[in-house]
Amino acid sequence: MASINLNTVVKRYGKTEVVHGINLDIAHNEFVVLVGPSGCGKSTTLRMIAGLEDISGGEIRIGDVLVNDLPPRKRNISMVFQNYALYPHMSVRENLGFGLKIAKRPPDEIVRRVDEAADILGLTELMERTPAELSGGQRQRVAMGRAIVRQPGAFLFDEPLSNLDAKLRVQMRTEIKKLHQKVKTTVVYVTHDQVEAMTLADRIVVMKDGHIEQVGTPMEVFNHP
Ligand code: ADP
Ligand code: ADP
């Protein structure tokens, strides 16, 4: 569980400023969705929280820790991408446990945490398959499983459903919502899909041209002219 706090966060690429000193407080266990047109800075903002981009100014705190200079693996977060890069030659079980193995966790702990994540995501029957033997939705679930296994304080999602077909997207939305209710964790989720934002968010953050334009519940943001 972790809160996330952005204090006048700026991002410049060379001389071009693309994020203009944004302020945002995300409570622990809150599900926040960043929306806005392509190029408005959603992905850059998420990547700065993740530590995948340096920040040009301001402060980012995760669970009260100033993370400006911390690498991604020390930020107590897990990120789920749209291209759920699974290891093709490994089984689902091995894919889920790989991060913990690299972190040198004891084998019995790995088994326990992998089984827990598999149970939460309904992957128990698929553990011995390889990614090639899974559907797109199942692969996305394994990608989320890999994030859950690490038991992070927060999950960051960058358009995780954009490579799925329409039917699967609807199904995965429901899964992600249920997951948040079960795992009780902070989520920051980037999408350009308003329906996705409506369904998932406790709070929606509307970005435009590198600013935060509006913050509110889905009702406040989408049901007012
Ligand atoms: P969004 O996720 O809302 O589509 P991005 O955060 O990807 O927007 O991009 C915000 C702006 O920053 C865009 O104008 C984009 O072209 C620019 N940008 C993103 N990454 C880079 C980069 N590595 N170098 C230069 N400009 C970038
Ligand atoms: P997304 O829509 O998910 O942000 P993009 O296709 O915009 O993805 O960007 C893909 C990659 O290219 C990202 O790593 C981003 O930082 C980089 N990028 C985006 N815009 C620019 C740009 N104007 N100059 C250099 N790199 C960029």
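At least 1 residues being surrounded by 14 or more Cβ atoms within 10 Å (Cβ to Cβ) and within 16 Å of ligand 2 (Cβ to nearest atom) is the threshold, and among the strands (runs of 3 or more DSSP E) wholly inside the range 108-225 those reaching it are 154-158, 186-190, 203-208.
Of the listed requirements (1) over 16 Å from residue 20 (Cα atoms); (2) among the basic types (Lys, Arg); (3) modelled with pLDDT of 95 or more, residue 47 misses just one: (1). Among the residues of this structure, residue 191 counts as one that is within 16 Å of ligand 1 (Cβ to nearest atom) and at pLDDT 90 or above. Those residues that are outside any loop (DSSP other than H, G, I, E, B) and either in contact with an Asp or Glu (Cβ under 8 Å, 6 or more places away or on another chain) or free of Cβ contacts under 8 Å to residues at least 12 places away in the same chain (or both), I need them from the range 88-107; list them, please. Selection gives 92, 93, 94, 100, 101, 102, 107.
Per-residue answers, yes or no, for (1) modelled with pLDDT under 95; (2) surrounded by fewer than 20 Cβ atoms within 10 Å (Cβ to Cβ):
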residue: 3; (1), (2): no, yes
residue: 9; (1), (2): no, no
residue: 18; (1), (2): no, yes
residue: 33; (1), (2): no, no
residue: 38; (1), (2): yes, yes
residue: 53; (1), (2): no, yes
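Taking the condition of being hydrophobic (A, V, I, L, M, F, W, C) and more than 16 Å from the chain's Cα centre (by Cα), how many residues in the range 7-31 meet it? Here the count works out to 6.
The values are calculated or read from the model by the stated rules, or taken from the named source; none is laboratory data. Everything quoted here is computed from the prediction, not taken from an experiment. Because the Cβ atoms are built from the backbone with ideal geometry, glycine has one as well, and the counts that use them run over all protein chains shown.
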